[in-house]
1. Suppose every K and R has +1 on its Cβ and every D and E has -1 on its Cβ; what is the size of the dipole of the chain about the Cα centre, in Debye to the nearest 20?
2. So for the pair GLU355, ASN196, with labels modelled 7 Å out along Cα→Cβ, what separation do we get in nm?
3. May I ask you to order 381-394, 144-157, 256-269 by the average number of other C-beta atoms within 10 Å around their residues, highest value first?
4. Over region 188-308, with the other protein chains present, what is the accessible area per residue in square angstrom, probe 1.4 angstrom?
5. For region 90-148, what does the accessible surface come to per residue with a 1.4 Å probe? Please give it in Å².
6. For region 88-100, just list the computed ³J(HN,Hα) in residue order, Karplus coefficients 6.51, -1.76 and 1.60, θ = phi - 60°, integers in Hz, with x standing in for Gly and Pro.
7. What whole-number volume per residue, in cubic angstrom, does the convex hull of the C-alpha atoms of region 67-127 give?
8. Once the Cα gyration tensor of region 1-90 is found, what semi-axes does its equivalent ellipsoid get, as square roots of 5 times the eigenvalues, in whole Å, sorted largest first?
Amino acid sequence: MFPSSCDTFVALPPSSEGQRVIFGKNSDRPCDEVQEVVYFPARDYGPEEKVECTYIQIEQVAHTYAVVLSKPAWLWGAEMGANEHQVCIGNEAVWGRESADGEEALLGMDLVRLGLERADTAEKAVDVIAALLEKYGQGGSCMEDQSEFTYHNSFLISDRKEAWVLETSGKYWAAERVEEGYRNISNQYGITTKINKEHPGMREYAQSKGWWDGKSEFNFATVYSFLTTARIESAGTRYCEGKSLLEKRNGHITAEAMMDILRDKDSGINMEGLFMTTGSMVSVVPTTSALPGVHYFTGTPDPERSVFKPFVFVKNARELKETSSPSFGPDDPVKKKPRFQSKPDRKHPLFVKHEVTAAIIESYKEKGQKITENLRQLEKETMKKMENILAVGVQQPDDYVNLFSECVQEELSVYGKT
């Protein structure tokens with residue numbers, strides 16, 4: 001099996017409808033992995049404090065921003081998420097000429113969370129991730145078992161005004177600014193000759209390895225990629241399909257359109273099999289700072305059989321208990337060495353109910369169709385309410401401190417009727 005995972009998308013004006021940035025991602029992970037949706041408020045820290053990431057401890061910063069994350073339940077980092085400044089980040093696994101095998105360091109998913117916690121713009125997130133790569137490196141198994149599934153990372157990062165693609169190979173990296181239109185990334189390098197930022201030694205290193213002659217125009221994807229592998233070929237198919245789906249909706253890309261793309265199974269974007277879509281995210285971020293962003297998450301596998309539920313950053317936002325997995329603290333098999341000697345049950349309350357309902361949908365066609373219709377109607381009604389927030393802002397912040405959890409309860413009520 002060649003794990004091929006994830007597709008991330010962004011649409012900026014004029015590709016998006018209205019003055020909004022639309023961000024979306026499917027997280028494609030092992031089919032038995034639980035993905036949780038969690039919220040962490042902003043915090044201040046002392047000068048000597050550390051933060052325990054998935055495998056290593058690093059220096060903490062003086063202040064972290066509030067974040068909402070969709071993350072594999074066994075690790076510290078995140079597959080995707082947003083912060084209170086409406087920065088959104090999703091990452092992709094990429095493979096290239098540089099080996100991804102190495103010592104445990106920061107995972108790409110750790111870097112997603114660290115970027116969101118420490119940067120108030122997309123460009124600053126690029127700088128944060130680049131600095132952390134230089135200081136700590138990237139490495140370690142990206143699956144909750146002993147398979148030592150490792151990879152380099154690419155990131156799609158957006159804010160209210162622009163997006164950035166950041167692609168890495170070990171500690172080396174290149175970044176491209178996207179100021180308008182749409183962009184998608186998959187499990188392959190996509191930055192070519194337009195490079196707006198880069199590691200200062202990136203070209204010299206490529207030349208020392210014989211990957212670049214130092215004379216021809218520098219093309220990051222050509223220089224750092226494999227010429228062909230099964231992973232790249234699979235990713236290339238999904239990348240082209242994703243780009244085509246964006247093009248079909250160009251000028252009219254909305255949250256609903258992005259959700260349709262993430263639900264598309266014919267393209268492979270909504271992945272099925274041993275690796276499948278285990279969580280999905282769509283964010284709607286107005287370009288004007290006076291209006292809040294709305295961030296939708298499923299917290300469950302297969303967006304076709306899931307509900308996108310909204311989260312809005314407001315003061316006193318509450319913990320998301322129904323989509324938070326059990327914590328095992330220092331007894332977690334991930335924390336003990338040798339790692340991954342057992343795999344505890346990490347299912348959160350929503351996951352448990354969704355799993356039962358998904359089996360009913362799969363087994364009983366007519367009943368399954370009715371359940372799906374009810375779920376989609378619930379989602380449609382919720383999104384209609386969110387349009388008011390996106391148009392005029394949050395008038396009563398206290399009304400939205402439990403927004404996501406209340407939507408989860410409505411979803412659970414649909415499951416209860418099955």
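1. Magnitude of the dipole: close to 320 debye.
2. Placing both labels 7 Å beyond Cα along the Cβ direction yields 4.3 nm.
3. Put in order of decreasing packing, that is 144-157, 256-269, 381-394.
4. Heavy-atom SASA per residue in region 188-308 reads 43 Å².
5. I get 33 Å² per residue for region 90-148.
6. Taking θ as phi minus 60°, the curve returns 10, 9, x, 10, 10, 7, 9, 10, x, 5, 7, 4, 9 Hz for region 88-100.
7. Values: hull volume 5.8 nm³, N = 61.
Per-residue hull volume (Cα only) is 94 Å³.
8. Three semi-axes, in Å: 26, 22, 10.
The values are calculated or read from the model by the stated rules, or taken from the named source; none is laboratory data. All figures in this text were calculated on a predicted structure; none of them were measured in a lab. Every residue, glycine among them, receives a Cβ derived from its backbone with ideal geometry; neighbour counts consider all protein chains shown. Quick note on the areas: whole protein, heavy atoms, side chains included, nothing else; ligands and nucleic acids left out. Shrake-Rupley method; radii C 1.70, N 1.55, O 1.52, S 1.80 Å.
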